[in-house]
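None of the figures in this text is laboratory data; all of them are computed from the coordinates on show. Just so you know, these numbers come straight off a predicted model, no measurement behind them. No Cβ is skipped: glycine too gets one built from the backbone with ideal geometry, and neighbour counts run over all protein chains shown.
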Amino acid sequence: MNSSLFLIIIPLMGAFIALFAKKANRLMAIVITLFMEIFSIIIYLSGKLPVSVEIGGWQPPYGINFVLTPLSVGFIILINLAAIISLFIIRGEKSYQFYSTYLVLLAASNGIVLTGDIFNFYIFSELTAFGITALIAYPKDRKSTGAAIKYLILASTAAAFLLIGIGIVYKTLGTLNIADIASKISLLDPLTLELIIILMLTGIFVELELFPFNMWVPKAYLGGTASVNVMLHGMLGTAGAYTITRILLTMFTVDGSGLLVNVNIANSVIVIALLTILVSEIAAFNEKKIKKVLAFSSMGQMGLIIFGFMIGNEQAIVGAFYLVVANFVAKTILFVLTGEFIAMSGSGNWEDMKGIGRKHPVAGLAFVIGSLSLMGVPFFAGFWGKLGLIQGAINGSAFMVVGIVIVLITAIIEGIYFLKIAHTLFLEKDSDREYLSKARVHSIVIAAILALAIIAIGVKPGLIESNINSATDEILNSTSNYIDIVFPRR
Amino acid sequence: MTMLNIFLLSSTSLIFIGLYGVLTRKNIVKILLSLNIIETGINLLLVAFGYVENGEVPILTSSESLKNIVNMVDPVPQALVLTSIVIGLGTTAFALGLTIRYYKTHGTLSIDASDEEEVMLNE
């Protein structure tokens, strides 16, 4: 399985070659990303998972290792899928800087998911910050430059805390390997452990778009182009959701059971997640710019996912995984179509998009399907996520009931603002309207296929049930499913 | 006061001085300077974690040097610091490049300038 290193090496080499490839850049990026997607699917289906790849033959914890489990390779497949879609919807010619930084971003987000070493994780998360900053700043105008520099400052300050946390882990436990830390975590003094978890969470929360750390999110989505939005949401957001499963639910758990070591910190994370849901949905409600609406809704979904992961019982984690998949697919549809709608109407406000759904019924329907899935309406993929979340929360402590109330109320708020947009798209007429450009067929085809996937999962959740169950099992029994794979001889 | 305590004290104070700068300054160049101060503090902290009083260089040159292995400085934090210095350099260079464009597009180096514009856009 040493060939899994190609998932990181090939895009990095591509990033270098892109400097010389002139016109062939886009083709090269598409070929590389398609190769990575097919390669990761082959790895997933090969039946050799889970496996730990020791780089250079140095055994962990002395050397760096990559851990390939059904969970991590599943996330790799999602990340590369978002990468392909974002490449297809690029508008106009882009210079080599765009493709070069895109390939660095691809390598780094794959690296975040694959690595089994906490310092390596820090390096890859810094690299994603560079990549996404450069991509946000690519339009070279006022908005994007301001958004990019704010994100860069916030991300590097947060990463500084992450690095301090990693330093303290090394000082106290003498190891940097995630599996090794997870097996030794009970040896730590509770206060030191608390300090380490808080420092590391501060570093991770910026990328996770959680409430006190997320002022960069709406600016970044507004500053970037449609393809960069798909990358931000599909690659960075998905890698962030993986981070929660690996750092919080594998490294800092009681005997690898998926419950956080420190109950107080677990409860504070839940409070932060609920606040994120509430604040972002209310902010989205009054927003006129459609990209900002989607950015706030993206934050809200991230809060839901983290709430599900932190409840800690099986139903809630299954629900959270369904939400990861449903949110990934639905938001990708919305971002792809939003790019088209903005180019057609020439305005970023959704009120100016009257009647586009009548002109392009397939695109309009896909948009509605995506928003219904985000709301959690039955027979759409998001329903199974919210159902699992609420079932899990009912079985949890009394404190979780507050969470159920917030989840339900925000689902209604989300429903209202998405239906307002759908109403504008379909019912309001603007017959003598001249559109600036035509919708591109391949974007609509991508959106339609993804919309069909949402309905397929919504009607028949068994399609991805076995994959989600194996991922859930990996979190709930991480001793046998993660630590024993890295250290088989113990 | 041992050398280790001096290292720890000065590194934490560097980190907090830098943090104060990041949180209070408005000028982007000053914010980037403060970020660099935080990074220096962290580097010192990491090296201090591997510090051994009167330690030896962690290189095995002969069978004689094996006897001193207990007294050797931990080399891993130093490797981490080398990497983090490179990352810090990359961040600074990239952020300064962005700052030049920020000055060209906004006409000022104040971090607040892009917020004011957004308020105007929303109204």
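For chain A, what does the relative contact order come out to in percent, with C-alpha contacts under 8 Å and a separation of six or more?
15
Most exposed first by the Cβ proxy, i.e. fewest other Cβ within 10 Å, how do A:SER345, B:SER63, A:SER95 rank? Before the final figure, lay out the partial values.
On the way: A:SER345 22, B:SER63 7, A:SER95 11.
Least crowded to most crowded, the residues run B:SER63, A:SER95, A:SER345.
Is it possible to state the helix-based mean residue ellipticity at 222 nm for chain A, with each DSSP H run of 4+ residues giving -39500 (n - 2.57), the sum divided by total residues, to the nearest 500 deg cm²/dmol? What is it?
Result for chain A: -23000 deg cm²/dmol, rounded to the nearest 500.
Per residue, what volume in Å³ does the convex hull of the Cα atoms of the range A:262-459 enclose?
Once divided by residue count, the hull of the range A:262-459 is 96 Å³.
Normalised by the number of residues in the range A:77-202, what is the relative contact order in percent for Cα pairs under 8 Å and 6+ residues apart?
Details: 100 pairs, mean separation 27.7, N = 126.
The normalised contact order for the range A:77-202 reaches 22 percent.
Over the alpha carbons of the range A:1-117, what is the largest minus smallest coordinate on each principal axis, giving the biggest first in Å?
45, 26, 17
Taking 8 Å as the Cα distance limit and 6 or more residues as the minimum spacing, I'd like the relative contact order of the range A:262-459 as a percentage.
Relative contact order comes out at 30 percent.
Please give the helix B:75-106 orientation as an angle from the longest Cα principal axis of chain B, in degrees from 0 to 90, rounded to the nearest 10.
10
Take B:ASP112 and A:LEU191, extend 7 Å from each Cα along the Cα→Cβ direction, and tell me the distance between the two endpoints in nm.
So the two model labels end up 4.0 nm from each other.
What's the FRET efficiency of A:ILE412 with A:ASN467 using the Cβ-Cβ distance as r and R₀ = 35 Å, to the nearest 0.05?
0.70
Rg to Rh for chain A: what is it, with Cα atoms only and Rh by Kirkwood?
0.95
Specify the inter-centroid distance of the range B:8-60 and the range A:127-142, based on alpha-carbon positions, in whole Å.
About 27 Å separates the Cα centre of the range B:8-60 from the one of the range A:127-142.
Bins of 10 Å, beginning at zero and ending with the bin holding the largest distance: percent of Cα pairs per bin for the range A:389-439, please.
Here the calculated profile for the range A:389-439 is 21, 27, 20, 15, 13, 4.
Rank the residues B:VAL47, A:VAL293 as a footprinting-exposure proxy: fewest other Cβ atoms within 10 Å of their Cβ go first.
Values: B:VAL47 18, A:VAL293 25.
Ranking B:VAL47, A:VAL293 by Cβ neighbours within 10 Å, fewest first, gives B:VAL47, A:VAL293.
Extent of the range A:314-393 along each principal axis, from alpha carbon coordinates, in Å, largest to smallest?
Per principal axis, max minus min of the Cα coordinates gives 46, 18, 18 Å.
Restricting the calculation to Cα positions, tell me the Rg (one decimal) and the Dmax (whole number) of the range A:189-291 in Å.
15.6, 50
Determine, from the Cβ-Cβ distance of A:LEU27 and A:TYR435 and an R0 of 30 Å, the FRET efficiency 1/(1 + (r/R0)^6), rounded to the nearest 0.05.
Working: r = 30 Å, r/R0 = 0.98.
For A:LEU27 and A:TYR435, the calculated efficiency is 0.50.
Distance check, please: which entries in A:LYS184/A:LYS386; A:LYS150/A:LYS292; A:LYS289/A:LYS429; A:LYS150/A:LYS289; A:LYS22/A:LYS291; A:LYS143/A:LYS359 exceed 23 angstrom between their Cα atoms?
Distance filter (> 23 Å) returns A:LYS184/A:LYS386; A:LYS22/A:LYS291; A:LYS143/A:LYS359.
Tilt of helix A:6-17 relative to the longest C-alpha principal axis of chain A, in degrees (0 to 90, nearest 10)?
Rounded to the nearest ten degrees, it is 60.
Taking chain A as the reference, fit the longest principal axis to its C-alpha atoms, fit the long axis of helix A:142-173 to the helix C-alpha atoms, and give the angle between the two in degrees, 0 to 90, nearest 10.
On a 0 to 90 degree scale, this one is about 10.
Could you give me the percent of Cα pairs per 5 Å distance bin for chain B, shortest bin first, beginning at zero and ending with the bin that holds the maximum distance?
Final binned percentages: 2, 10, 13, 15, 14, 11, 9, 7, 6, 4, 3, 2, 1, 1, 0, 0.
Where does each of B:ILE59, A:ILE409, B:ILE42 land when they are ranked from fewest to most other beta-carbon atoms within 10 angstrom? Before the final figure, lay out each step's value.
Values: B:ILE59 8, A:ILE409 13, B:ILE42 26.
In order of increasing Cβ crowding within 10 Å: B:ILE59, A:ILE409, B:ILE42.
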